[in-house]
1. By how many nm would the segment from residue 231 to residue 201 grow when fully extended, if each residue of separation counts as 0.36 nm and the alpha-carbon distance is taken off?
2. Place a +1 charge on the Cβ of each Lys and Arg in the chain and a -1 charge on the Cβ of each Asp and Glu, then give the dipole magnitude about the Cα centre in debye, rounded to the nearest 20.
3. Helix by helix through the chain, keep the DSSP H runs that span 15 Å or more along the axis on Cα and average at least -0.5 on Kyte-Doolittle, and give those back in order.
4. Would you please put 175-182, 188-195 in order of how densely packed they are, using the mean number of other Cβ atoms within 10 angstrom per residue and starting with the highest?
5. Helix-derived [θ] at 222 nm for the chain: sum -39500 (n - 2.57) over DSSP H runs of at least 4, divide by residue count, nearest 500?
6. Suppose a student asked you for the relative contact order of the chain, using Cα pairs under 8 Å spaced at least 6 residues apart; what percent would you report?
7. Would you mind computing, in nm to one decimal, how far apart the modelled labels at residue 223 and residue 161 are, each placed 7 Å from Cα along Cα→Cβ?
8. Suppose all protein chains stay in the model; what accessible area per residue would a 1.4 Å probe give for the range 189-310, in Å²?
Amino acid sequence: MADAEVGDDVLDGDPTVHRLEQEVAERLGKEAALFFPSGTMANQVAIWLLARPGTEILLDVDAHIIHYEVAGSAALSGAQIRPVRGSGFVMDAEALAAAVRPTSKHVPRASLVCVENTHNGAGGVLSTAQELGRIRAVARRNDLPVHMDGARLWNAAVALQVEPSTLTTAADTVMVSFSKGLGAPVGAALAGDRALIEEAWGVRKRFGGGMRQSGIIAAGALYGLEHNYSRLADDHAHARQFTEEIDGTAGARVVPPQTNIVMIDLPAGTPGSTEVAARAAAEGVLLTVWSPTRLRAVFHLDLTDDHVDAAARVVVKALGG
Ligand SMILES: *Cc1c(COP(=O)(O)O)cnc(C)c1O
């Protein structure tokens, strides 16, 4: 990052940012990509481009876009959210099809479908190309574009042992993060058709996301892609290792992890998740309180097998095991 070649990406371009954008477009099988300071901004720019004011966006009930983007789609794009509950962990094609309303003068028209892969709130659950293809078919039948919140798409591709581009054909636009599993300090990207990404440039500027010598942070993102991509499999192995060591402790149940996120469900009548998280934090292990009865653990590139063992011992004790 210190050695990155930089320009002015608001004025006439930054060579390192361009290199990153080309690399991302290629890996995602899209014509173009645009660098963003955050995944949230990239999601919201996609929504601004694809959804229309006074319409609704169909997406999974636990989506990041619903719960952690401070009502951005309502505030910035004037579109309402329509949460869709799937029969399994995430919204499926059947649930989506059922949520599309028959045309009427009285009801909101849908304008956009969003998918999240992997799905954070569901516990890093991945969607296969086949599942995504079925969602896309429903969207196409109803003339709806698809945006993919792929903050954690790299994890899905590594876990499925496929190229990321095989998972993006179902989507018109794809957001990916560099600051999650890939370990870069800052950044996300939005990929799609060239014309749409050109339009996204101006919207990003309007949202305050035009960045000047951004090659410095783009270099960190490139480093993450080049050096930390394949090792995401280690994070997945650590999530499984941790699960084996804690599942069943004091009645706690763990959703079998598909990637690097482990959700721990506490039985009723035991100390709540806030108390368990406080006990673990006191011994140096940080867990996210997901709900009064659910904790989230995320595995990342700074961990060794021994760290995971030590963390599991702390969590077992915190659970009362
Ligand atoms: C982290 C995350 C985001 C948002 O990314 P930021 O860079 O933190 O704004 C969006 N969607 C999912 C699924 C995420 O995990």
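The values are calculated or read from the model by the stated rules, or taken from the named source; none is laboratory data. On a predicted model such as this, the values are computed, not experimentally measured, just so you know. Neighbour counts are summed over all protein chains in view; Cβ atoms, including those assigned to glycine, are modelled from backbone coordinates with ideal geometry. Accessible surface is based on the protein model in full, side chains and every heavy atom, while ligands, DNA and RNA are left aside. Shrake-Rupley method; radii C 1.70, N 1.55, O 1.52, S 1.80 Å.
1. Details: separation 30, 0.36 × 30 = 10.80 nm, distance 3.19 nm.
Computed gain between residue 231 and residue 201 is 7.6 nm.
2. Numbers: 28 positive and 38 negative charges, 262 e Å.
Dipole about the Cα centre, nearest 20: 1260 debye.
3. Working: long enough: 15-28 (20 Å, -0.76); 39-50 (16 Å, 1.07); 129-141 (18 Å, -0.58); 194-206 (19 Å, -0.74); 215-227 (17 Å, 0.98); 232-246 (22 Å, -0.84); 305-319 (21 Å, 0.38).
Span-like helices here: 39-50, 215-227, 305-319.
4. Details: 175-182: 25.9, 188-195: 22.5.
Final packing ranking: 175-182, 188-195.
5. Values: 12 runs with 130 residues, N = 321.
The helix-only estimate for the chain comes to -12000 deg cm²/dmol at 222 nm.
6. Numbers: 652 pairs, mean separation 63.8, N = 321.
Contact order relative to length: 20 percent.
7. A separation of 3.1 nm, rounded to one decimal place.
8. On the way: 5790 Å² over 122 residues.
Counting only protein heavy atoms, the per-residue value for the range 189-310 is 47 Å².
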